[in-house]
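Here the structure is laid out as structure tokens; the discussion comes afterwards.
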Amino acid sequence: MAIMSGIRACVFDAYGTLFDVHSAVQRHRSRLGSRADSVSAQWRTKQLEYTWLRSLMGRYTGFDQVTAEALDFVLDANEVNNPELRADLLEAYRVLDCYPEVPTVLAALRSAGMKVAILSNGTSATLETAAESAGLRDSLDQILSVDALAVYKPDPRVYQLAVDSLGVPRESILFHSSNGWDAAGAATFGFRVAWINRSGQPRERLPDAPTVELTSLESVPELVGI
């Protein structure tokens, strides 16, 4: 693996990159039965669709509400009428499991003097809760939310937020995302980008491509020369 020179900050998307978005449904799998995998996949898809549509419509609302509205659509579509399960799924989404390599990788980057941050569609409060529950907060310099801008990724203003907040030029930031569309958006903005392709998806047919494709975050310290 070729080492990327000049990287001064590592910025991470949260959902799907650091935190397993499917772990919420997994905790309540028995209550959904054979529909569990489908509900989880549909919930994630609808959640993302709503962020893009709200940005286009100029009707921003926080990610917690988007997540709840996406879940309501999916439960209705699957004929699941269970208010207690709905509440439990939303609470589980606040404290998602992180992927196993994440704590070690973030700690190694921070210990080496790298600036480390989250840049996410999530609300500030929920991201703080997720980071604390996963034991990641001490390895993060900043948690940056789109709430400050009232627009969702991949709007370029979101990526600019990391540049402004960290005081690091865009070309010195390595941005990490498991979402191909997010990786493409960050590359278009001018970040160097590691696409964490955990599920072996094909590359998006969008204008700009990530700098490197990985299957997990495990090799990121080596990638930046740590």
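Just check segment 80-174 against the gyration tensor rule for me: Cα atoms, a ≥ b ≥ c as the square roots of the eigenvalues, rounded for a/c under 1.5, and otherwise prolate or oblate depending on whether a/b exceeds b/c.
Values: a/c = 2.89, a/b = 1.43, b/c = 2.02.
In terms of gyration-tensor shape, oblate.
Using the heavy atoms of the protein chains and a 1.4 angstrom probe, tell me the accessible area per residue for the chain in square angstrom. Working shown, then result.
On the way: 10080 Å² over 226 residues.
That works out to 45 Å² for each residue.
Can you tell me the relative contact order of segment 75-154? Whole percent, Cα pairs under 8 Å, sequence separation 6 or more.
Numbers: 69 pairs, mean separation 24.9, N = 80.
Relative contact order, segment 75-154: 31 percent.
Can you tell me which of 174-187, 112-125, 68-81 comes out highest on packing, and rank the rest after it, using the mean Cβ neighbours within 10 Å?
Numbers: 174-187: 25.0, 112-125: 20.7, 68-81: 15.5.
Result, highest mean Cβ count within 10 Å first: 174-187, 112-125, 68-81.
Taking a ≥ b ≥ c as the square roots of the Cα gyration tensor eigenvalues, with a/c under 1.5 meaning rounded and otherwise prolate when a/b beats b/c, else oblate, which class fits segment 6-155? Working shown, then result.
Working: a/c = 2.48, a/b = 1.48, b/c = 1.68.
Oblate.
So what is the 222 nm mean residue ellipticity for the chain from helices alone, if each DSSP H run of at least 4 adds -39500 (n - 2.57) and you divide by all residues, rounding to the nearest 500 deg cm²/dmol?
Working: 10 runs with 102 residues, N = 226.
After summing the helix terms and dividing by the residues of the chain, the value is -13500 deg cm²/dmol.
Which value in nm describes the separation of the simple spin-label points at Arg110 and Ser5, placed 7 Å from the Cα toward the beta carbon?
Between Arg110 and Ser5, the simple spin-label model gives 3.0 nm.
Ordered by residue, what ³J(HN,Hα) values in Hz, to whole numbers, does segment 220-225 give under the Karplus form 6.51 cos²θ - 1.76 cosθ + 1.60, where θ = phi - 60° and Gly and Pro are x?
4, x, 5, 4, 9, x
Using a simple charge model, +1 on the beta-carbon of Lys and Arg, -1 on the beta-carbon of Asp and Glu, nothing else, what dipole does the chain show about its Cα centre, in debye to the nearest 20?
On the way: 21 positive and 28 negative charges, 62 e Å.
It comes to approximately 300 debye.
Take the alpha-carbon centre of segment 1-32, take the same for segment 152-190, and report the distance between them in whole Å.
Here the two parts' Cα centres lie 16 Å apart.
Apply 1/(1 + (r/R0)^6) to the Cβ-Cβ distance of Asp64 and Asp138, taking R0 = 30 Å, and write down the FRET efficiency to the nearest 0.05. Numbers along the way, then the final one.
Numbers: r = 24 Å, r/R0 = 0.81.
Efficiency for this residue pair is about 0.80.
May I ask you to compute the full-extension gain from Asp72 to Ser216, defined as 0.36 nm times their residue separation minus their alpha-carbon distance, rounded to one decimal in nm? Don't skip to the answer; put the middle values down first.
Working: separation 144, 0.36 × 144 = 51.84 nm, distance 3.10 nm.
Full extension of this stretch gives 48.7 nm more.
Classify segment 1-87 as rounded, prolate or oblate, taking a ≥ b ≥ c as the square roots of the eigenvalues of its Cα gyration tensor: rounded when a/c is under 1.5, otherwise prolate if a/b is larger than b/c and oblate if not.
Details: a/c = 2.95, a/b = 1.58, b/c = 1.86.
Oblate, because a/c is 1.5 or more while a/b does not exceed b/c.
Counting only residues 5 or more places away or on other chains, whose amide H sits under 5 Å from the amide H of Val193 once H atoms are built in the peptide plane?
Phe175, Thr211, Val212
Give me the percent of DSSP beta bridges within the chain that run antiparallel, rounded to the nearest 5.
Counting DSSP beta bridges with both partners in the chain, the antiparallel share is about 5 percent.
Separation between the Ile226 and Gln26 pseudo-spin-labels, each 7 Å from Cα along Cα→Cβ, expressed in nm?
Here the modelled spin labels are 2.4 nm apart.
If you roll a 1.4 angstrom probe over the protein chains with everything in place, what fraction of the accessible area of the chain belongs to carbon and sulfur, to the nearest %?
Working: 4930 of 10080 Å².
The nonpolar share, carbon plus sulfur, comes to 49 percent.
Towards the positive end of the charge dipole of the chain, with charges on Cβ (+1 Lys, Arg; -1 Asp, Glu), say which of Leu75, Tyr60, Leu32 has the farthest Cα.
After comparing all options, I get Tyr60.
Tell me, what ³J(HN,Hα) does each residue in segment 167-172 have, in order and in whole Hz, if you take phi through Karplus 6.51 cos²θ - 1.76 cosθ + 1.60 with θ = phi - 60° and put x for Gly and Pro?
x, 10, x, 4, 6, 9
The values are calculated or read from the model by the stated rules, or taken from the named source; none is laboratory data. Since the model is a prediction, treat every value here as computed from it, not as a measurement. With ideal geometry, Cβ positions are generated from the backbone for all residues, glycine too; neighbour counts draw on all protein chains shown. All accessible areas refer to the heavy atoms of the entire protein, side chains included, with ligands and DNA or RNA removed. Shrake-Rupley method; radii C 1.70, N 1.55, O 1.52, S 1.80 Å.
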